Every structure is written in structure tokens, then in C-alpha cells.
Amino acid sequence: MAKSSSTALLGFAVAAVSVFSFLVNLAQAQHATAATDPSEARALNSIFTKWGISASTVQSAGWNISGELCSGTAIDDTTIDNTTYSPLIKCTCSFNNDTTCRIAALKVYALDVSGEIPEELWTLTYLTNLNLGQNYLTGSLPPAIGNLTRMQYLSFYINALSGELPKELGNLTELIELGFGSNRFNGPLPSELGKLVKLEKLYMDSSGVSGPIPSTFKNLINLRIVWASDVDFTGRIPDFIGNWTKLEALWFQGNSFEGSIPNSFSNLTSMMRLGISGLSNGSSTLEFIRNMKSLTKLELRNDNISGPIPSYIGEFSGLTQLTKHQRGDDKGLLGIDTKLCTFSYLELRNATNDFNLDNKLGEGGFGQVYKGTLNDGRVIAVKQLHAGSHQGTSQFINEITTISAVQHRNLVELYGCCIEGDKRLIVYEYLENKSLDQALFGNCLNLNWTTRYNICVGVARGLAYLHEESRLRIVHRDVKSSNILLDYALVPKISDFGLAKLYDNEKTHISTQVAGTIGYLAPEYALRGSLTEKADVFSFGVVVLEIICGRRNSDLSLEEEKVYLLEWAWNLFENNRVIELVDPRLSEFNEEEVKRIVGVALLCTQTSPALRPSMSRVVAMLSGDIEVGPVTSRPVYFTDWNFDDATSLMADVATNGANTSYYISASTNSSVVGSAEISQMNSKPIIDSSIGKK
């Protein structure tokens, strides 16, 4: 009996394999003879023609082989999320058992396509996945978007789309993921979005929408991730969010909410990452987190939180950061990194493969930085500070503790630190797109105009927070393109701010030895070591011009009038030719924005610190909320220099202010200016001995 059963099972298995092989061969044969629906082929070709996407670009992605759209990677097992190919389509050829293929997915990501979205796109009604992120798309989303009723994954992230969101988005009831952040929409969220009951991920940060969150959103009970920072939401945070019990991450920062954090948030037992800031006219306690035992990060700033850390906080075994910051609050901190300083030296050695050179990300004045992967899979950046430090353990921990209290979307996040003997290691978040310096000058990323504009605004917001919103009032003093990192969505994050100078609540001025980089140094800081937040404003102005031009602040290989960027920018400004500054790699840009941003940059680099705007005013000018003030005098610019009487020069600056025009020519020698030793290397940081011993 056993033998008979085994034989029968074997025969059944062979038959099953044969049937499976037949079906596979049949499917392959159907694909081989299938053709793209003619109307969809015409629509896609028209779209690509309007966007300037050539056949050669498409064929390099491995589809549209021999003129057939649904071929190659369009029908094999390549996924639409494959990072190698863009543009890319995916087809499905199994409708009604015929030989017609339909376009089911379309990705045109980070290709600098510009202009309005062609109306032909809304005829591709079989689309389930559409990614048009990181381009320069303008205009509005039309009601016809409601035709795409099969859509499951839809992204317009990082563009320049405007107008109100159409209510017809509510027709896309199959949506699982929706992203429209980093755009220029206006008006309220359509109440019809409440019909998207299958929605799991919603990314709408920095989108431009405003007003209260519609009551219909109470139906979105399948949401797991909601990014809604830097949006002018008003009213109270809705109680019904407590019914989104699958929620794992929620960011409400930089909004205009008022009132308290709802008690219903205690229902959010799946919450892992929660950030809320800027609540007005209300008060809250931490009681709402009682049941959030999965929390890894809780960030509360300026929310009128009161009361002690709850006794049950010890049950939150995964919590790595608990921060409560109140403007004008002296203690300001309910808790900081419950695992801070818990990284072991051995753990970080293993994570970085013993600080292998292959893992080295870069090197600055304070030490080398390495990429590492922890045992839990988290990718991190590890800064190895100078080994010869004479700073005591308690001083180091106090400094790290202080830094960890400074949290902002446009600042690199600190995870913790490690101390062993004379070794000092700091662990930061790792940002995959590396530095702005590499993106602009290393040609490793293709930054379109919208992205560059957003980077300018983001850096300005980060500096405004450091200068004016943070209780600590931090002056970075080494703002430069290599100290600005880019995350996966190309959102800028300022790094190395933690090892800079801090103001206390009494002082408004600090004199110190210079620790900065030539080409970005404000004159009063370079010559006299006089440091205020206006030194950062000056450096920011130089960085902005680099972003616009796509070149470094000085380049001796260029013709004489273009060698020094700030001088060239001023000359073009005087002759009403600032558009010539724009990076020639940019085929599309907004001329009015270029003129506005150049004007801001020139204001930021005025000789007299008093004539430079605050960073909060810079944000308002960049955003178009206020007019750019008049620029009446040539900015001062320092690269490598050698002059005999720095004291007289600065006295002249102080006396003549805006009427003084200076240009310091290059020198082949190093020179001591005041107490600051200036290196002739344009890209080399200037670090005084006390700072080197952090």
C-alpha cells in the first residue's frame, strides 16, 4: 500500500509540474504575441514627447524594444520600484484573455521633466501605480485625475504643482499610498479624501494645503504612516485620530494647531514614531503615551507639556529618544535619549567594520566620519572625534545631551555616543544622498530647480530654528555645502551644528578664534573673531549662490570675471543679468524665483552685519511672504588673502557700513589675521586648537 501511494503521489507531482510548465509557456507565448493597446501607446508617446523623453532614453531602460512598449523590463519580473530604471512602465497582458497589453504602472522619477501634466495621462485608466516624483511639474491637478479608479500607489512628491487638490481624488478608492508633499498647493484638504478607506500611507508634508483636517478623515482607519509637517493646519488636532489604531508614525510639526494633544491618542498602541510641535492655547501631559509601548521616538516641542516623566516610562524598552522642549523653559527637557551613551566601542567598531576605509564617508575639522550598520539593521554615521581630547567625560556627555535637545526637520539627528578611554564617538542618522557639496559639484545627483529652491528654504528654516526658536540659540559658524546633507527625499539637513558655539540667554555676542572655511567666512568673524548669528547668515548667502550656479564659491579655472562667485553675482546684479548665474545644466527654472533668491543672497552677504536680515526674515523672503529688501552695496568677499592692516580695514567697514566696497584678492601665503590663522586652501576648515580637542 505504501509503495502504491508513493507511486500515485509521484505521478500526481509530475502531472502538476507538466501543467505548470504548460501554463508558463502559454503565458510567455501570449506575452510574445501581445501588443500594447493602441490608444494607450499613442497617449504615452504623446506624454513623453511633451516631456522631452526620447526613444533612446526609454530603450536604455530595457523596454519599448523594437517599438513595442510592453516588452523587455515592462513585462518581466523587474519591479516599478527598481532604482536602475527611469522612466519605466509595467504592463499587464491578462485582460479578457486577449492579446492586448495595458499600461499598469508608470514611473517618471527625477528626470527634470517640466510643465503641466499632459491631459493624456488621465486616459491611462488601467494604471495602478504612478510615480512622478522629484521633477518640475507645474499647474494644477485636474478633475480628470478621478478617472484613474484602479490606482493604488500615487506620488507627485517634490514638484511645483499648485492650485487646490481636486475633490475627484476621492474617486481613487483603491489607493494604498498617496504622496503630494513638497509642492505649492493651496486651499483645504478635500473632504472627499475621507473615502480613501484603504489608504495606509499619506505623505503631505510641505504641500501648501491649509485649514482644518476634514471630519471625513475619521474613516481612514487603515492609515499606518502620516507625514504632515510644515503644513498650515489649523484648529485642534482631531480626536478621531485616536481611532487610527494601526498608526505607526505620525508627524505634526510646524503646523498651526491649537489646544491639547487628544487623550484618544492613548488608543494608538501601534505607534512607533510620533512628533508634535507648536501647539498653542492648550496644555497636555504625557498621559496619552501610556499604551504606546512600541515607541522608539517621541518628539514634543513647544506643546505646553507639563508634569514629570511618568513612572511607567521604564516599560518603553525600545524608546531611544524622548524630548520635550518649551520655548523660554530653563530645565526644557523631560527626557533625553534613554539609551544615550549606551553604544559600546566594540559595537561601533563592528558596525563600521573596524573603521574600514571603504566605509569612510568624509573627514572634517573635528574628525572622520564612517558609515556603519548596527546589529538591529539601522544604518548610521559614526563620527570619530580627535583621539587627543582632554575634555572630561562629564563635559562630553553634557555637550552631547545639549545637542540631543535640538531637534528639527532640517537638522541631522543625533542618536547617541560612546566613550572609551580617550576615544569619543558620536552616532548620527545616516543620509543616503550624502552632502549638498557632492550633489552640486560631484555630479552624483541631478538637482532640478524645484529641488534647489526647496533646499534653500529648508536650510534657512534649520538655521532660523538654531538662531531664534531653540532655547539654546546656537550659532553654527561653519555653514557650507559640505555640512548640508540630503535625505532620501532630498530634504536638506544641517550637520555639525552640535560642535559649534552656543549662546546663553544673556549674551548676544561672542569673540572667539576663527573656526570656519575660507570662502564662507563673514568679514567680522574672519578678521576679529567676532561671532554672532549674522556670521551664519553670511555663509548661508554664499551657499545659496552655489546652489543656484552649481559651482563652488571660487574657481581659478574660470575666466577672471567669474573666478569669485560673489563678485560675479554682484556684477550681474548691477547689470540686471542675474539669470546668467543659473546652472547651465538646468533647462527649466523660474526666473522670478531666481531673481528673488539672488537678491536674498546678496542681502545676506552685506559687509555690515547690521544690514543682514535674520534667518526668520530670510525664510519669509524666500517663501514670497514679504518683499526682498533693496540691495544697495557690493557685498564683501574673502577667499585666500594677505594684507597688512586688518584692524584698519575693519574700522573702515564699521565706519562706512553699506557704502564700503571691498574685494580681497588671492594670495599665495597664509596670514594671521587678528587671532585667526588663515589657511590658503579654499576647502580646508580653519580650526583652533581648543576646538580640535573636543
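Since every read-out is calculated from the coordinates, none of them should be taken as a lab result. Because the structure is predicted, anything quoted here is derived from the model rather than measured. Ideal geometry is used to build each Cβ from the backbone, glycine not excepted, and the neighbour counts take in all protein chains shown.
Using Cα-Cα distances under 8 Å and only pairs 6 or more residues apart, what relative contact order does segment 33-138 have, in percent?
That works out to 27 percent.
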Counting pairs of alpha carbon atoms under 8 Å apart in space and at least six apart in sequence, what relative contact order in percent does segment 127-201 give? 31
Which GluC sites (Glu not before Pro) from segment 405-471 combine a DSSP loop assignment with at most 15 other Cβ atoms within 10 Å? Glu432
Taking H as built 1.01 Å from N, whose amide H comes closer than 5 Å to the amide H of Ser530, not counting residues under 5 places away? Thr512, Tyr525
How large is ³J(HN,Hα), in whole Hz, for each residue of segment 611-618 in order, when computed from phi with the Karplus curve 6.51 cos²θ - 1.76 cosθ + 1.60 and θ = phi - 60°, using x for Gly and Pro? 8, 7, x, 6, 5, 5, 6, 4
Rounded to 5, the percent of DSSP beta bridges in segment 33-138 classed as antiparallel: 45
Name the long-range amide H neighbours of Tyr430: under 5 Å, sequence gap of 5 or more, or other chain; modelled H, no Pro or chain starts. Ala381
Taking the highest mean first, how do the peptides 126-137, 189-200 order by number of other beta carbon atoms within 10 angstrom per residue? 126-137, 189-200
Charged-residue dipole, Cβ positions (Lys, Arg, Asp, Glu), segment 142-231 about Cα centre, Debye nearest 20: 180
So what J values fall out for segment 150-156 if you push phi through Karplus, 6.51 cos²θ - 1.76 cosθ + 1.60 with θ = phi - 60°, rounded to Hz, Gly and Pro as x? 8, 4, 10, 10, 9, 9, 10
J(HN,Hα) series, segment 56-62, from Karplus relation 6.51 cos²θ - 1.76 cosθ + 1.60, nearest Hz, glycine and proline x: 5, 5, 5, 5, 5, 8, x
Exposure proxy order (Cβ contacts within 10 Å, fewest to most) of Asp536, Asp81: Asp81, Asp536
What residues have an amide H closer than 5 Å to that of Gly163, excluding those fewer than 5 places away on the same chain, when H is modeled at 1.01 Å from N in the peptide plane? Asn186
